[in-house]
1. What number goes with the only condition from (1) surrounded by 14 or more Cβ atoms within 10 Å (Cβ to Cβ); (2) more than 28 Å from residue 82 (Cα to Cα); (3) free of Cβ contacts under 8 Å to residues at least 12 places away in the same chain that residue 46 does not pass?
2. Report every pair of residues separated by at least 6 positions or lying on different chains whose Cβ atoms are under 8 Å apart, first residue within the stretch 19-36 and on the phi < 0 side of the Ramachandran plot and without any contact (Cβ under 8 Å) to a residue 24 or more places away in the chain, second loosely packed, with under 12 Cβ neighbours inside 10 Å and in a loop (DSSP other than H, G, I, E, B).
3. Mind checking which residues of the stretch 82-102 are out of contact with any helix residue (DSSP H, G or I) (no Cβ under 7 Å at 6 or more places or on another chain) and farther than 18 Å from residue 31 by Cβ?
């Protein structure tokens, strides 16, 4: 799959003419790959739990992974200090079926 088009400033990707916040480019590759795997697992969990009492938990997992990647959250990654960015991507983001800290 080809990399999506980025805005000139690199802060957004463009998909079907719509802007989406880009992943923080400062995240080390290994951690970015790990967070992306976790995000995709949570997205599968959202599909699996659609319409059930478990769906909000799955959606919260997607949100946490996207925040860690810098794709959501306030302030955006380009307004954060290096230390804020590092704390964000190093935060515990458990995969489905795993409890935080365990």
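Coordinate-derived values only; no laboratory data. No experiment lies behind these values; they were computed from the predicted model shown. For neighbour counting, all protein chains shown are included, and Cβ atoms are generated from backbone atoms with ideal geometry for every residue, glycine included.
1. (3)
2. 19/7; 25/10
3. Here is the first cut: in the stretch 82-102, the ones out of contact with any helix residue (DSSP H, G or I) (no Cβ under 7 Å at 6 or more places or on another chain) are 82-84, 86-87, 90, 92, 94, 97-102.
97, 99, 102 - these are the residues of the stretch 82-102 that are out of contact with any helix residue (DSSP H, G or I) (no Cβ under 7 Å at 6 or more places or on another chain) and farther than 18 Å from residue 31 by Cβ.
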